[in-house]
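Peer 1: First, the structure itself, so that you have it in front of you.
The values are calculated or read from the model by the stated rules, or taken from the named source; none is laboratory data. Bear in mind that the values here come from a model prediction, so they are computed numbers and not experimental data. Neighbour counts are summed over all protein chains in view; Cβ atoms, including those assigned to glycine, are modelled from backbone coordinates with ideal geometry. The accessibility values were calculated without ligands, DNA or RNA, using every heavy atom of the protein model including side chains. Shrake-Rupley method; radii C 1.70, N 1.55, O 1.52, S 1.80 Å.
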Amino acid sequence: MDKYKFKPSEIHVQEWSSLRSCPWNLSPLSGVKLIHIPTGKVVCCDGFRSQHKNRNEAFKILNEYLINL
């Protein structure tokens with residue numbers, strides 16, 4: 001599989017996490033939003049509880065998109 005060479009200046013990363021305080025046992029929410037500035041492509045991932053897994057998954061999705069351009 002080919003990999004796109006990301007430059008740090010091309011990517012804007014936004015991360016969020018929140019703990020909900022409520023009577024139910026809900027897992028904390030966390031997510032990552034990547035914006036590829038040259039193309040304007042936005043990728044959001046919040047499917048995992050781990051911030052690192054969300055970030056890796058978002059970069060995989062963005063990589064696949066940029067390879068197929």
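Peer 1: Can you tell me which condition Asp2 does not meet? The list is (1) out of contact with any helix residue (DSSP H, G or I) (no Cβ under 7 Å at 6 or more places or on another chain); (2) at pLDDT below 85; (3) open to solvent by 100 Å² or more (accessible area, probe 1.4 Å), and all the others hold.
Peer 2: Exception for Asp2: condition (1).
Peer 1: Can you name the residue in segment 37-69 that is touching a Cys at 6+ places or on another chain (Cβ under 9 Å) and open to solvent by less than 40 Å² (accessible area, probe 1.4 Å) and, of all such residues, is nearest to His12 (Cα to Cα)?
Peer 2: Filtering first and then ranking leaves Ala58.
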